[in-house]
Amino acid sequence: MDIKAEIISVIKQSLGEFTKERIEFLVEEPENESFGDYSSNIALALFSKSKIKNQKSKTQFKIQKLRSPPELAQEIIDKFIIHDSQFMIHFDRVEAVKPGFINFYLSQDYLFSQLTRILEEKEKFGSKSENPNKKVVVEYSSPNIAKPFTVGHLRSTIIGDAIANLLQANGWKVYRDNHLGDWGTQFGKQIYAIKTWGDENEINKVENPVRELVALYVKFHEEAERNPKLEEKAREWFKKLEDGDVEARRLWKKCVEWSLVEFKKIYEKLRVEFTENNGLGYGEAFFEDRMTGVIRELKEKKLLKKGERGAELVFFEKDKYPPLMILKQDGATLYATRDLATDKFRLDKYGKDIVIINEVGVEQALYFRQLFKVEKMLGWVKEGQRIHKRHGLYRFKDQKMSTRKGNTIWLEEVLQEAVKRAEKLGSENKEIAEEVGIGAIKWNDLKRTSEQDIVFDWDEILNMQGDSGPYLQYAFARTQSVLLKATSDKKKEASSKNKIKNEIGLARIMLARPLLARLETEEISLLRALNRFPEAVSQAGEKFAPNILCNYLFGLAQKFNLFYQKHKIIGSENQDFRLKLTAGVGQIIRTGLNLLGIAAPEKI
Ligand code: ARG
């Protein structure tokens, strides 16, 4: 049991002395260190509940004689000691303070034992083992075939991947899915455009085939404005595609291949993967044949109504939302029809309790409300089982970036630019520059609540002084260079004295206990911060909020930099402990960055 769970359990035990009632209370990690490592409002909660209840009956609570919550807090603390004296040894002190909180200050011994655990468990520290009852589909990225991979898709990819990692660390079995937009009437237009103005050989040859496809698609719309007959042609081609016409299928498949080449490059750069359908994800087209079952079920459950113009729709109670179209008047299916088939498939495949998270832009918020409501009306899902994790828009501060290519911002260019700028920061080589550049983009996205819009600002993204990816990576690299130097010093010393035959190595030496009484403020502060890592991981997972972890890591890196500035590590009296502390900080930053999908190069 971790220490927080232990606090909660001991509080509950002591409560038995006061009441049989259930009391809701919190145990939190206060922002301000002077309030302890943990703090609970139990006394306040108990006091206010007993006040109400005691008006009715005098016997329910045995605390009438206490005058104030702080007094009650002290009384509760006294019970801890009676119930579990072992528990108290983890703390330096446990205090009752106004207006009635109980603050817990961990002992240095305990904090030190956590540091030892970090060094032993390495990247496993802070992670829970898999719980077979917790299963989740995290769907992210989901770009559209023959369309640009937009910054919206980039956000989805970065945030979705981080959430998937965090849930995994919290004991969830995670299915990572990519709902590619590879089906829909737009393919009728695309196929017509390729056949009319395109040159397949040419598209095969170019570096970015998607650009050619987008250009053709744009041309279609320009031409169609002058000649409305083209829309008809496009519909015919889509019909052919649906009916399995060989030529239509062939061209559609080519579009998918051309696009995947480009998407794969992006995923490789971002180091993001999917687990479903051999790593491809189940795109919309996969559900083509699975929609009839859903439509049948909707009909059987009397959820489909004909609209005025002949389309089939689902209407909502009291018109809470606009109706959701399931079939067009010509019988064609829609995005929503495929989403329903997708979720039906997931519930069948992974189990009816599977939690499904779609990481999609905020602009689809209404759509997902409609979708989830329909799934509830169908009786498929319970409250909380469907989650739309939404992200805000990107706005570009640097105008040039957004206008150069009309309204399209080509993602590869943003990523390339990031790497170029990282190189200018002085990264050692191409690979590291890439890790820094991509890490900077990711951190910039993950550090804030995802729902917020982002004003894209290179200076902020690469700010070495502040809340940025490079700042974290530098702090990590600093821990590694200190450790490396210590190791090589040790080796030099050993070989010069020529008395160590086999490598004792740093590890042995580092097992030495620190001179605890002499710890500096910055050291204690770092130890306390390290102890909070599992909690940050757990909260970030629970709330689907990578920014909680970013916030934690940034605080840790700042504390480390302060420690590093103020104190000598190598050659100090407390060198062994300080090296151990440095190794612990390094380990946690690395684990944390990895959970966010950000690389932690040892040298920058
Ligand atoms: N392809 C869609 C788009 O680019 C996003 C798909 C989101 N996922 C879903 N299950 N509808 O807008």
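Remark: pairs (first residue in region 347-358, closer than 12 Å to Lys173 by Cβ; second residue in a helix (DSSP H, G or I); Cβ separation under 8 Å; 6+ apart in sequence or on different chains) = Ile354/Arg346; Ile354/Leu347. Selection of region 361-375 for residues being in contact with an Asp or Glu (Cβ under 8 Å, 6 or more places away or on another chain) and either of a type in the set (Ser, Thr, Tyr) or more than 13 Å from Glu297 (Cα to Cα) (or both) yields Val362, Leu371. Looking at region 155-169, which of its residues are away from the ligand (no atom under 16 Å from the Cβ) and among the small types (Gly, Ala, Ser)? Those that are away from the ligand (no atom under 16 Å from the Cβ) and among the small types (Gly, Ala, Ser): Ala162, Ala169. Taking the criterion of being under 25 Å from the mean Cα position of the chain (by Cα), among the hydrophobic types (A, V, I, L, M, F, W, C) and either part of a strand (DSSP E or B) or over 14 Å from His179 (Cα atoms) (or both), the residues of region 312-369 that qualify are Leu347, Ile354, Val355, Ile356, Ile357, Val360, Val362, Ala365, Leu366, Phe368. Residue pairs whose Cβ atoms lie under 9 Å apart, sitting 6 or more positions apart in sequence or on different chains, and linking a residue in region 364-383 that is of a type in the set (Ser, Thr, Tyr) and buried (at least 18 other Cβ atoms within 10 Å of the Cβ) to a partner that is at pLDDT below 95 and not in a loop (DSSP other than H, G, I, E, B), do not occur here.
Scanning for something surrounded by 13 or more Cβ atoms within 10 Å (Cβ to Cβ) and assigned to a loop (DSSP other than H, G, I, E, B), does region 262-272 turn up at least one residue? For region 262-272, residues surrounded by 13 or more Cβ atoms within 10 Å (Cβ to Cβ) and assigned to a loop (DSSP other than H, G, I, E, B): present. Restricting Leu280, Leu298, Leu270 to those that are closer than 29 Å to Trp237 by Cβ, away from the ligand (no atom under 14 Å from the Cβ), under 23 Å from the mean Cα position of the chain (by Cα) and in contact (Cβ under 8 Å) with a residue 60 or more places away in the chain reduces the list to Leu280. The residue that is surrounded by the most Cβ atoms within 10 Å (Cβ to Cβ), counting only those in region 324-355 that are of a type in the set (Gly, Ala, Ser) and away from the ligand (no atom under 16 Å from the Cβ), is Ala332. State all residues of region 216-254 that are in contact with a Phe, Trp or Tyr (Cβ under 9 Å, 6 or more places away or on another chain) and either aliphatic (A, V, I, L, M) or farther than 23 Å from Glu284 by Cβ (or both); if no residue qualifies, say none. Residues satisfying the conditions are Leu216, Lys219, Glu223, Leu230, Ala234, Leu241, Ala248, Leu251. Scanning region 176-186 for residues that are more than 13 Å from the ligand (Cβ to nearest atom) and modelled with pLDDT under 95 yields a total of 1. Only one residue in Asp319, Asp245 is surrounded by 15 or more Cβ atoms within 10 Å (Cβ to Cβ), out of contact with any helix residue (DSSP H, G or I) (no Cβ under 6 Å at 6 or more places or on another chain) and over 30 Å from Lys442 (Cβ atoms). Which one? When all the criteria are applied, what remains is Asp245. Within region 98-115, being surrounded by fewer than 16 Cβ atoms within 10 Å (Cβ to Cβ) and either basic (Lys, Arg) or in contact (Cβ under 8 Å) with a residue 60 or more places away in the chain (or both) holds for Lys98, Asp109. Checking Glu412, Glu417 one by one, the residue that is in a helix (DSSP H, G or I) and at pLDDT 85 or above is Glu417 and no other.
Residues that are in a loop (DSSP other than H, G, I, E, B) and in contact (Cβ under 8 Å) with a residue 12 or more places away in the chain were ranked within region 184-208; the one that is nearest to Phe149 (Cα to Cα) is Asn208.
Apart from one condition, Ala311 fits all of (1) at pLDDT below 95; (2) surrounded by 15 or more Cβ atoms within 10 Å (Cβ to Cβ); (3) more than 16 Å from the ligand (Cβ to nearest atom); the exception is (1). Within region 166-175, identify whether any single residue is within 25 Å of Val414 (Cβ to Cβ), modelled with pLDDT of 95 or more and assigned to a helix (DSSP H, G or I), and answer yes or no. Yes, that holds for at least one residue. Annotation: Lys239 fulfils all but one of (1) part of a helix (DSSP H, G or I); (2) within 30 Å of Leu596 (Cβ to Cβ); (3) not small (Gly, Ala, Ser); the unmet one is (2). Looking only at residues in region 190-201 that are crowded, with 23+ Cβ neighbours inside 10 Å and not hydrophobic (A, V, I, L, M, F, W, C), the one that is farthest from the chain's Cα centre (by Cα) is Tyr192.
The residues in region 117-154 that are over 19 Å from Glu273 (Cα atoms), assigned to a helix (DSSP H, G or I) and either in contact with a Leu (Cβ under 8 Å, 6 or more places away or on another chain) or within 16 Å of the ligand (Cβ to nearest atom) (or both) can be counted, and the count is 1. Considering only region 82-94, I want to know if a residue exists there that is modelled with pLDDT under 80, assigned to a helix (DSSP H, G or I) and touching a helix residue (DSSP H, G or I) at 6+ places or on another chain (Cβ under 9 Å). Yes, there is a match, as at least one residue in region 82-94 is modelled with pLDDT under 80, assigned to a helix (DSSP H, G or I) and touching a helix residue (DSSP H, G or I) at 6+ places or on another chain (Cβ under 9 Å). Is there a residue in region 285-295 that is closer than 30 Å to Gly437 by Cβ and within 38 Å of the chain's Cα centre (by Cα)? Within region 285-295 (the criterion being closer than 30 Å to Gly437 by Cβ and within 38 Å of the chain's Cα centre (by Cα)), the answer is no, since none of the residues qualifies. Within region 156-167, the residues that satisfy the criterion of being touching a residue at least 40 places away in the same chain (Cβ under 8 Å) and either among the β-branched types (Val, Ile, Thr) or out of contact with any helix residue (DSSP H, G or I) (no Cβ under 6 Å at 6 or more places or on another chain) (or both) are Ser156, Thr157, Ile158, Ile159, Gly160, Asp161, Ile163. There is no residue in region 378-400 that is more than 27 Å from Asn551 (Cβ to Cβ), assigned to a loop (DSSP other than H, G, I, E, B), modelled with pLDDT under 85 and not acidic (Asp, Glu). Looking at Val137, is it under 25 Å from Phe368 (Cβ atoms) and at pLDDT 95 or above? It is true that Val137 is under 25 Å from Phe368 (Cβ atoms) and at pLDDT 95 or above.
The values are calculated or read from the model by the stated rules, or taken from the named source; none is laboratory data. Being a predicted model, the structure only gives us computed values, none of them experimental. Every residue, glycine among them, receives a Cβ derived from its backbone with ideal geometry; neighbour counts consider all protein chains shown.
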